[in-house]
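Taking it in order: structure first as structure tokens, then the write-up.
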Amino acid sequence: MTRSQVARPERRAEVFEAFGERDGSGMLAHGLGRSYGDAALLDGGKVVLTRRLDRMLDFDPETGWLRCEAGVSIEDILETFVPRGFFPPVTPGTKFVTVGGALGCDVHGKNHHVDGCWSNHIRNVELLTASGEVVTCDREQEPELFDATVGGMGLTGITLAMDVKLTPIHNPWIAMESVRVENLDHFFEVSAESGGFTHTVSWIDCVKRGQAMGRGIFMRGRHADADEVGHAGALGKLIDVAHPLLAVPLDGPNWLLNNASIRLFNEAYFRKHPKGQKNVLQHYDPFFYPLDVVRDWNKIYGKRGFLQYQLVVPKEGDNAPLRAVLDAITKSGMGSFLAVIKEFGDISNGGLSFPIPGVTLALDFANYGAPLLDLMERLDAIVVEAGGRVYLGKDARVSRATFRRMYPEWEAWKAVRDQWDPSGVFQSDLGRRLGLVGGAA
Amino acid sequence: MSVAIFGATSRIARAVALRWAEDGHAVWIGARDVAEAERIAADVRVKTGVNAVAGAFDAVDMDAHPALVADIEAAVGPLDCAVLAFGDMGELDEDHTDFAAARRVIDVNFTGAASLCEAIATGMAERGAGTLIGVGSVAGDRGRQSNYVYGSAKGAFALYLQGLRNRLFKRGVHVMTVKLGFVDTRMTWGLKTRIPVATPEQAADAIHAAAKRKVDTLYYPPFWRAIMGVIKTIPERAFKRLSL
Ligand SMILES: Cc1cc2nc3c(=O)[nH]c(=O)nc-3n(C[C@H](O)[C@H](O)[C@H](O)COP(=O)(O)OP(=O)(O)OC[C@H]3O[C@@H](n4cnc5c(N)ncnc54)[C@H](O)[C@@H]3O)c2cc1C
Ligand SMILES: NC(=O)c1ccc[n+]([C@@H]2O[C@H](COP(=O)([O-])OP(=O)(O)OC[C@H]3O[C@@H](n4cnc5c(N)ncnc54)[C@H](OP(=O)(O)O)[C@@H]3O)[C@@H](O)[C@H]2O)c1
């Protein structure tokens, strides 16, 4: 249980008021709290909720540059700009995140292989730093602070505003194809031939072993062209608006998600999909945010909750590390229910930003307690050995030593951070755990 | 078409501004902190494309109100609608030792509000059209030990609006009184209550919809009408012993 003092500024001046009330116990910005681990938590300190600092300050329809405050959410951007032909340049799998959080975790989306991360579409950050000074940093002014803030998990200060470049679109539709992939090799083949698609991701069955290891459904799409969407009527049967409009009303019983039910679900999901491929025009909502319509989807895991594990490993040879990871998971019997796999592109932002060139695998596990933590330790070992890392935005447990091997740039990052925040004003539970704040450890 | 929002830094007021802007009104955004008002105006412009102008407004600077209204109408055109959203609960100590603080609460919530209404009503009455919305509180429905200075000012404002409505009805001007219950804003942040709390956006939607229907007195959330109905019927003899 974490206890913190919480401030919720609605006016800019109230951020400074909250900052003025700091008392040495640490301070941290908190957006919409969609990070899974302890990144946005600060036990015993002062948490500043930024969600209500959500004014859009300027927009240039010629270029797509939007200036907005840190509490603006992806959902706000979609609501305002999709009707005007613009889309967030990068979006995670939920629209309930703030742009401040998107920058703090340097989030990636299905278009990483072409567009990189959130920060690759940002040209500046206005940051309240530990001295109380508001610094606008970009790639020329205070570039080190800019780089450290990108993916900096809120530990360089409180982001107040930023300029983000929106992507022009013709309509809200995604021209989407889904392809049944039979195994891991097939996944890489399909991935390689999907270069023409700006958005790719594959659901992967984590229960199958041997020949069928890595089977799944590969989804690839791009924003539809103007002429692809005629008048709505004619499209009727093409359009897949099938929102899984279910809500999980209560905490599911703990037996709901056991190995057998996962196996059944995976089998059904895979079978339901025709061999070969299927082309549809899909609304952006179910394409990007399948989980957002299932309110409280995480309750299917019951009261025990669940843990996320997202890794990236460089792509190499026959991808032995990836196979070893999948093998360890199937052997453990703690099959992951929602597992997705994607190839990242070459864009890597350094510091604590997660994506490096390679393959990323995101896994949800029902919280099996100690055996699951043991499994994750084993996965860590495979990942570190392969030169990979886990995503801090979804982590609550990696050890300091392991983290340092995963993110060899941590020391350079911390040096910049310490220079801007020598007394450790900005802290988080994650920062304390990983030795990113405070003196030498 | 134009609307003026007074006390626009309130999140309810800002959402109200957006609703009217979405209908195509030019918007004047007034607050004590002009830089903050400018950010809100920018947001309205980006989101709706209407003309939104920011300006300084202080409820207690009453001498300035008539000239301010003239300036506003010069900037965004004759007002079709004005929303008085400002309010201040003050920070009165339990023993009320500081009447200056109490007087300020009365001035912001009542005297300043009435002063501004007079300045706006003149033009609306001349034009024979307009909607004037005053944001009050259920706290104005009965005096209670915990907040009767604020409550009496809001209550006085409600009475004032009642009379104004009666007068301006004959001139084609609609006056709406809004009595808010709990809304999740800066004013109620940290409050612990079992009573459901509305979001500022819900409150704004309700105010917008009610104004269109020319509602006289809006309670929001609506169940507060019933709660206050009951509270008002408790005999004073018993009420004075309670600590609500
Ligand atoms: C269903 C789901 C799907 C997801 N899919 C993806 C995905 O596809 N790709 C991906 O990259 N991530 C994904 N995530 C993770 C999520 O996108 C990130 O954790 C994101 O940072 C959350 O944003 P938030 O506003 O909720 O921030 P929070 O969780 O509140 O904060 C995240 C971090 O950012 C910092 N921060 C927030 N606001 C500020 C600010 N104003 N100034 C300074 N620091 C700040 C916090 O201190 C914290 O360290 C997913 C999460 C969920 C729940
Ligand atoms: N939230 C509730 O539960 C609730 C319940 C009943 C009634 N209300 C009423 O709803 C209205 C909006 O309040 P809120 O809840 O949104 O709280 P809020 O955020 O505190 O808003 C109050 C507003 O009044 C402004 N204000 C205070 N003194 C002023 C002055 N002298 N001159 C000009 N503006 C002044 C404030 O401006 P600054 O930013 O400059 O301080 C702010 O914009 C108020 O009238 C309040 O009384 C609210």
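The values are calculated or read from the model by the stated rules, or taken from the named source; none is laboratory data. Worth saying up front: this structure is predicted, and the values here are computed from it rather than measured. FYI the Cβ positions are ideal-geometry reconstructions off the backbone, even for glycines, and counts take in every protein chain you see.
Conditions tested, residue by residue: (1) over 14 Å from the mean Cα position of the chain (by Cα); (2) part of a helix (DSSP H, G or I).
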site: B:Asp71; (1), (2): yes, yes
site: B:Asp93; (1), (2): yes, no
site: B:Thr97; (1), (2): yes, no
site: B:Ala101; (1), (2): yes, yes
site: B:Arg104; (1), (2): yes, yes
site: B:Val108; (1), (2): no, yes
site: B:Ala114; (1), (2): no, yes
site: B:Ala119; (1), (2): yes, yes
site: B:Ala125; (1), (2): yes, yes
task: Just one of (1) part of a strand (DSSP E or B); (2) in contact (Cβ under 8 Å) with a residue 60 or more places away in the chain trips up B:Trp20, so point out which.
output: (1)
query: Restricting attention to segment A:331-350, does a residue exist that is more than 20 Å from the chain's Cα centre (by Cα) and either within 13 Å of ligand 1 (Cβ to nearest atom) or not small (Gly, Ala, Ser) (or both)?
result: yes
- line: Here the residues within segment A:129-149 that are buried (at least 24 other Cβ atoms within 10 Å of the Cβ) and farther than 17 Å from A:Phe19 by Cβ are A:Phe146, A:Ala148
query: Of all helices (runs of 4 or more DSSP H) completely enclosed by segment B:151-244, which ones contain at least 1 residues that are more than 14 Å from chain A (Cβ to nearest Cβ), surrounded by 17 or more Cβ atoms within 10 Å (Cβ to Cβ) and in contact with a Lys or Arg (Cβ under 9 Å, 6 or more places away or on another chain)?
result: B:200-212, B:223-233
- request: Check every one of the helices (runs of 4 or more DSSP H) wholly within segment A:96-177 and list those with 3 or more residues that are under 28 Å from A:Leu434 (Cα atoms).
  value: A:99-104, A:143-149
Where a residue in segment A:42-70 is closer than 17 Å to A:Val82 by Cβ and assigned by TED's automatic domain parsing to the domain that holds A:Met27 and its partner, wherever it lies, is buried (at least 19 other Cβ atoms within 10 Å of the Cβ) and among the aromatic types (Phe, Trp, Tyr), with Cβ under 6 Å and at least six apart: A:Gly64/A:Phe86; A:Leu66/A:Phe59
- line: Here the qualifying pairs (Cβ atoms under 6 Å; residues six or more apart or on different chains; first in segment B:143-169 and within 12 Å of B:Asp216 (Cα to Cα); second of a type in the set (A, V, I, L, M, F, W, C)) come out as B:Leu161/B:Val175; B:Leu164/B:Val175; B:Arg165/B:Val175
query: Mind checking which residues of segment A:56-76 are surrounded by fewer than 24 Cβ atoms within 10 Å (Cβ to Cβ) and touching a helix residue (DSSP H, G or I) at 6+ places or on another chain (Cβ under 6 Å)?
result: A:Met56, A:Leu57, A:Phe59
- line: In segment B:35-57, residues that are touching a Gly at 6+ places or on another chain (Cβ under 7 Å) and within 12 Å of chain A (Cβ to nearest Cβ) total 1
- line: Taking segment B:29-49 and keeping only residues that are within 19 Å of B:Leu79 (Cβ to Cβ), buried (at least 22 other Cβ atoms within 10 Å of the Cβ) and either more than 15 Å from the chain's Cα centre (by Cα) or within 16 Å of ligand 1 (Cβ to nearest atom) (or both), one is left with B:Ala37, B:Ile40, B:Ala41, B:Val44
message: Among the listed residues A:Glu126, A:Glu79, identify the single one that is within 14 Å of chain B (Cβ to nearest Cβ), surrounded by fewer than 24 Cβ atoms within 10 Å (Cβ to Cβ), at pLDDT 95 or above and closer than 22 Å to A:Gly350 by Cα.
response: A:Glu126
- request: Starting from residues that are more than 10 Å from chain B (Cβ to nearest Cβ) and not aromatic (Phe, Trp, Tyr), keep the ones in segment A:62-76 and report whichever is nearest to ligand 1 (Cβ to nearest atom).
  value: A:Ala70
task: List every residue pair whose Cβ atoms sit under 6 Å apart, with the two residues 6 or more apart in sequence or on different chains, where the first one lies in segment B:100-125 and is away from ligand 2 (no atom under 12 Å from the Cβ) and the second, anywhere, is of a type in the set (D, E, K, R) and at pLDDT 95 or above.
output: B:Ala125/B:Arg171
